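Notes to accompany the following structure.
What follows is calculated from the coordinates using simple rules that are stated; it is not laboratory data. Predicted, not measured: the structure shown is a model, and the values here were computed from it. Here the Cβ is made from the backbone with ideal geometry for all residues, glycine too, and neighbour counts use every protein chain on show.
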Amino acid sequence: MTTLSSPGPAETDVVADGTTATRATPARARVPWRFIGRRVAFYLFTLWAAVTINFFVPRMMKGDAVDNYLARNRGISPEAADALRALLGLDSDRTLWQQYVDYLGMLARGDLGVAITHGLQPVGQVIAGALPWTVGLIGLATVFSFLIGTVGGALVGWRRGSRLDALIPVTTFLSTVPYFWIGLMAIAVFSVALGWFPIGKAYGIGTAPGLTLEFVGQVIRHGTLPLATIVVASLGGWVLGMRNMMLTVLDEDYVTVAQAKGMPNRRVLWRYAARNAVLPQIQSFALSIGFIVGGAIIVEQVFSYPGVGKMLLDATNAKDYALMQGGFLVIVLAVLIANILADVAYAFLDPRTRQSEA
Amino acid sequence: MSDPLLSVRDFSVRYETAAPVDAVRDVSLTVHRGEVLGLAGESGCGKTTLAYGVQRLLKPPAVIPGGSVTWHDADGSDTDLLALDPDALRAFRWDKVSMVFQGAMSALNPVATVGAQLADVFEVHRPAMSRSARTAAVGELLEIVKVGAARSRSYPHELSGGMRQRIMIAMALALRPQLVVMDEPTTALDVLVQREILREITRLREAFGFSVVFITHDLPLLLEISDRIAIMRAGRIVEIDTAANIWFRPRHDYTRTLLSSFPRLTAERKVAR
């Protein structure tokens, strides 16, 4: 009689010894080169696409910077106008393709051209003057809004059904009101009627920029109102997003386990629930960086704030190609860098994404 | 049977929804020191609600309209669990009664290492322990359940279902509790791993001497491992007796139905214990 027992060498008794490993050797930290390579390729492609669109779009607009310049400054000879065109790379005897190649070459050398609306200053200099204001104001406002909204949303979600729930419709309402309206109201109430804050500009006229106590105080006084406006207007999304994620996470088994383990409420809230609920918020945060500059245009206009948004709007009105392209390039770079930072932050916060190749 | 460990008297749980649901009705039950009490019944009969309710782990809309739960500690003191204030309840949980949960896959926090999740039991309940003592204790626990101390730096998603359930068992044993409530600890696992986990539980019980309340809908499994079995239906305990009596002399019709609903390989079968 043949036996029907399983063939093969003498195996370990799985019931006695266990099918799971009983020992593990610590592995070397793996660097996910393939993952990094794919991300780098993705970002390089995005950068190229953005630069290309950036080159072509302004050239599809009617008229050019020199026409605009001539309209504002009388008494310029046609020869001088042609010389200006040549200087700005607008001379029509070069094909669009040649201009494109020239443009890429200039970019590679870090040369962004000259800004015709700023007395032919190099574009890099003009942007360098405007960028700190935007990064300072809008960047800080976005970070504040994200932090306040996420912490608030975590608390509202944790205390579901309490009076804190009343915050949701309030913040949601505020985020449906346009930025500029809140800004104008804020100026009307706090600057004009109450006189607590100055109207517009980044610092008072007659104050010399520098690292003096007076200047820093001025910057804070002038920046408070626009900053508060942005925070108030953008808080709703963060609160709502975090609260909803909290409600989902609070139903997870590991939260019940944490409570059964006798963990104090604060530990359950922050280390178990909020720690997991914040992950989608990080991705929204990265996306919101892209909208920062769009919002900046309006806020900076309302508060006459000397940032990139206002610079961009002025450049577009004057058809100052070089400055526009420089401005857009800055926006594209900001979005890409923000995305890279978000990728890194996400990998740091969510161990499951570290090995994934997605 | 020796002295009682946990006495539940006329315990009820109601879900205050639009149409109130009486999930547990007037349940009286005693868990003795050192025994394995099986709690069997179909899905939705209130087994898990009873186990959670006794430890006051239920969230609104669940309410406990009546009954008493008394803990008879090894040091001789009695505690009324339903009267504990939140801080005392937190200190009681896990230290005296711990749990192994149904879903091994979802019971661990995905963003923290298993070592950190084991260590925070000590951080909260044994604040005097030094960091190195905690690390040593975590390593020891992981060795006890045969996962290996080196896994303490792994994240839950890097481990198999069987390993995760072993880690949950290690966590349940961390503070050497007197009672471990196991809520379908093997349901999500394949039969081989189930067998392995059950062996592990039996072995650890012999080593540490804790009592077990084992909740499952798998009656044949209970017959094998339990000292006594309570059969639950629609929120009530319809029969509670020794495993042998449940198998050979079931008194309630529902018990007979439950027994006959499992396929048998042979007409006669012995009860393992």
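One table, with the values for the structure above:
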item: Inter-label distance for B:Ser160 and B:Ser43, nm, one decimal - labels placed 7 Å from Cα along Cα-to-Cβ; result: 2.6
item: Between helix B:131-144 and chain B: long-axis angle, C-alpha atoms, 0 to 90°, nearest 10; result: 40
item: Net +/- balance of residues flanking A:Ala130 in space, Cβ distance below 15 Å, scoring K and R +1, D and E -1; result: -1
item: Least to most buried among A:Thr95, A:Thr172 (fewest other Cβ within 10 Å first); result: A:Thr95, A:Thr172
item: Cα-centre dipole for the protein assembly as shown with unit charges at Cβ (Lys and Arg positive, Asp and Glu negative), debye to 20; result: 280
item: Count, lysine Cα pairs under 19 Å in the protein assembly as shown, 8 or more residues apart or across chains; result: 6
item: Of all DSSP beta bridges in chain B, antiparallel share, percent nearest 5; result: 55
item: A:Gln125/A:Trp33 FRET efficiency (R0 30 Å; Cβ-Cβ; nearest 0.05); result: 0.15
item: Per-residue [θ]222 nm for chain B (sum of -39500 (n - 2.57) over DSSP H runs n ≥ 4, rounded to 500); result: -10000 deg cm²/dmol
item: Cβ-based exposure ranking for A:Trp133, B:Trp247, in which fewest neighbours within 10 Å come first; result: B:Trp247, A:Trp133
item: Amide H partners (placed H, <5 Å) of B:Met99, local residues excluded; result: B:Val181
item: Amide hydrogen neighbours beyond the local backbone of B:Arg233, cut-off 5 Å, H modeled; result: B:Val238
item: Percent of beta bridges antiparallel (DSSP, the protein assembly as shown, rounded to nearest 5); result: 60
item: Size of charge dipole - segment B:107-176 - debye, nearest 20, with Cβ of Lys, Arg +1 and Asp, Glu -1, no other charges; result: 80
item: Residues A:Glu214, B:Glu143, sorted so that the one with the fewest Cβ neighbours within 10 Å comes first; result: A:Glu214, B:Glu143
item: Amide H within-cut-off set for B:Gly66, under 5 Å, with H built and near neighbours excluded; result: B:Ser12
